[in-house]
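A short worksheet on the structure shown next.
The values are calculated or read from the model by the stated rules, or taken from the named source; none is laboratory data. As the structure is a prediction and not an experimental result, all values here were calculated from the model. Glycine also receives a Cβ, built like all others from the backbone with ideal geometry; neighbour counts cover every protein chain displayed. In case anyone asks, the SASA skips ligands and DNA or RNA and just uses the protein heavy atoms, side chains included. Shrake-Rupley method; radii C 1.70, N 1.55, O 1.52, S 1.80 Å.
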Amino acid sequence: MTDSAATTAADLEIALRPTADPLPEAERQAILADPGFGRYFTDHMVSIEWSRDRGWHDAQLVPYGPMQIDPANMAIHYGQSIFEGLKAYRQPDGSVATFRPYSNARRFRHSATRLAMPELPEELFVAAVEALVRQDAAWVPTEDEQSLYLRPFMFATENGLGVKPADEYRFLLIASPAGAYFSGGIKPVSVWLSEDYVRAAPGGTGEAKCAGNYAASLIAQAQAAEKGCDQVVWLDAHEHRWIEEMGGMNLYFVQGEGANARILTPELSGSLLAGITRDSLLQLAADLGYTVEEAKISVDDWREGNADGSLSEVFACGTAAVITPVGDVKSRHADWTVGGGEAGAVTMRLRKALLDIQTGAAPDPHNWRHPIA
C-alpha cells in the first residue's frame, strides 16, 4: 500500500511534548551501569498516526507510556505488525550518531509494502530517530560496546474482524539502553540445524521484518535449546539443504586464513532478510582486501569444509551483537566444531573494524554514521 500523502508526509514536523517528570539522573545512571538488553526504556517515544483519509498526521514526541488497545484491534487478530532495529552510539567527542538509519528506513518501507501497510517516508522515519535521540541523548551509554537500541515499529489500529488491510495504523519509536552483548568476552555460540521447521519460503514474508516471522521461529529456538544449543540455524524450505540464517541473524563463512581468506554469505533468495549489518560487512570485507562472495552454501559444504580444514571460521551478524562467532554445530546426522571452538582472526578483525566505524574510533569512508546530538 502506498501513501497518497507521502510527498507532504516527508515534511511533517514532529511536535515536541516532553515529560515534565523525567527519570532522575541518579536512577538513570544506575540503569546505565548495567542496562542489559530491552529491560529499561528512555523517557520518551515518538508517535505518528496514519489513516486512509488523512495520510500521515499527528507526529509527536511524547512521554513513554502504555497504550490502550481495543479487543478487536486488527493487528492482534491478523498480524499487521512490522519493526526495525538500529542503534545510536556515543562518539569519542561525546556526541551521538546512529548507523545507517536510511537503510533501516528503506527496509521498513519494504516490510510495509509486503504486509499491505502504508509506507512511512524515509525522511520522516529518520526525523523520528533524530527527535528521540536528541531528546533522550543522556540515555546513550558511554562504556565500550554499549549503545542506545532504537525500536521503530508500526501496527494496525483499526478495530474490526473483517479480513482486509486496515484503514488506520500507528508508528511508534521507543529506545532502550543496551549493554555489551558479550559481557564476559567474546564467546562462540552453539547452533542446531533445524530440519523440522522453516523460517520462511520464497514468496512468503522472509524478506520483511514482521512480527509473525519471529513468532513462527520460537518453537525452533526452543528445540535448539532442548538440544543444548544457543541458536537455531534455518535451512531452505524446499530441500532442507541450503543454509539461510541463524535465528534472526545473517551468516558468514570464512575459507582459508589471513590475507588470502575468502568470505562467503548465503545469497538473498527471497526468503532471507537483507540485513544491514550483512550489507555493511560485504563492503567492509572488500575494503580490507578479502575476496567476498554471495553464494548458495549447503549443509554438506559446511560439514565437509569443516572436516577438510578448508572452512576456518563461521560467524553470524546483526544489529544486537554486531558479529557472533559460531563454535559447535549439532544436527540429527552429525555434530562438529568450527575453528576449535574459538573466535577466528578474520571474524574478530571484521567485528572490530565495524564497531570502530559505528563508535567513531575509525574513519567512515562510506558515510554510514549519521550524527544527531
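If I filter region 106-122 down to residues being in contact with an Asp or Glu (Cβ under 8 Å, 6 or more places away or on another chain) and farther than 16 Å from Glu207 by Cβ, which single residue comes out as surrounded by the most Cβ atoms within 10 Å (Cβ to Cβ)?
Pro118
Within region 147-184, how many residues turn out to be assigned by the TED database to the domain that holds Gln91 and free of Cβ contacts under 8 Å to residues at least 24 places away in the same chain?
Total meeting the criteria: 2.
Can you find even one residue in region 299-322 that is of a type in the set (Ser, Thr, Tyr) and closer than 21 Å to Glu195 by Cβ?
no
Checking the condition closer than 23 Å to His110 by Cβ, within 24 Å of the chain's Cα centre (by Cα), open to solvent by less than 60 Å² (accessible area, probe 1.4 Å) and in the same structural domain as Glu207 (by the TED database), which residue from Leu235, Leu264, Leu281 passes?
Leu281
Where the second residue is of a type in the set (Ser, Thr, Tyr) and assigned to a strand (DSSP E or B) and the first is in the same structural domain as Arg170 (by the TED database) and lies in region 52-66, which pairs have Cβ atoms under 9 Å and are six or more apart or on separate chains?
Partner pairs satisfying both residue conditions: His57/Ser51; Asp58/Ser47; Ala59/Ser47; Gln60/Ser47; Leu61/Ser47; Val62/Ser47.
Among the residues of region 348-361, write down those that are assigned to a helix (DSSP H, G or I) and either of a type outside the set (A, V, I, L, M, F, W, C) or open to solvent by 40 Å² or more (accessible area, probe 1.4 Å) (or both).
Across region 348-361, the qualifying residues are Met348, Arg349, Arg351, Lys352, Asp356, Gln358.
Show the residue pairs that are 6+ apart or on different chains and have beta-carbon atoms under 9 Å apart, the first residue being within region 190-202 and more than 27 Å from Glu313 (Cβ to Cβ), the second being open to solvent by less than 30 Å² (accessible area, probe 1.4 Å) and not β-branched (Val, Ile, Thr).
Here the result reads Asp196/Ala220; Asp196/Gln223; Ala201/Asp236; Ala201/Gly270; Ala201/Ser271; Pro202/Asp236; Pro202/Gly270; Pro202/Ser271, each pair linking region 190-202 to a residue that is open to solvent by less than 30 Å² (accessible area, probe 1.4 Å) and not β-branched (Val, Ile, Thr).
Report the residue count in region 258-290 for those that are in contact with a helix residue (DSSP H, G or I) (Cβ under 8 Å, 6 or more places away or on another chain) and of a type in the set (Gly, Ala, Ser).
Total satisfying the criteria: 6.
Just for strands (runs of 3 or more DSSP E) wholly inside region 45-141: which have at least 2 residues that are at pLDDT 95 or above and more than 30 Å from Val163 (Cα to Cα)?
55-63, 86-90, 96-99
Mind checking which residues of region 152-206 are among the basic types (Lys, Arg) and modelled with pLDDT of 95 or more? Steps first, answer last, please.
So in region 152-206, the residues among the basic types (Lys, Arg) come out as 164, 170, 187, 199.
Selection gives Lys164, Arg170.
Consider region 68-94. How many of its residues are more than 29 Å from Met249 (Cβ to Cβ), in contact with a Leu (Cβ under 9 Å, 6 or more places away or on another chain) and open to solvent by 50 Å² or more (accessible area, probe 1.4 Å)?
Residues meeting the conditions: 1.
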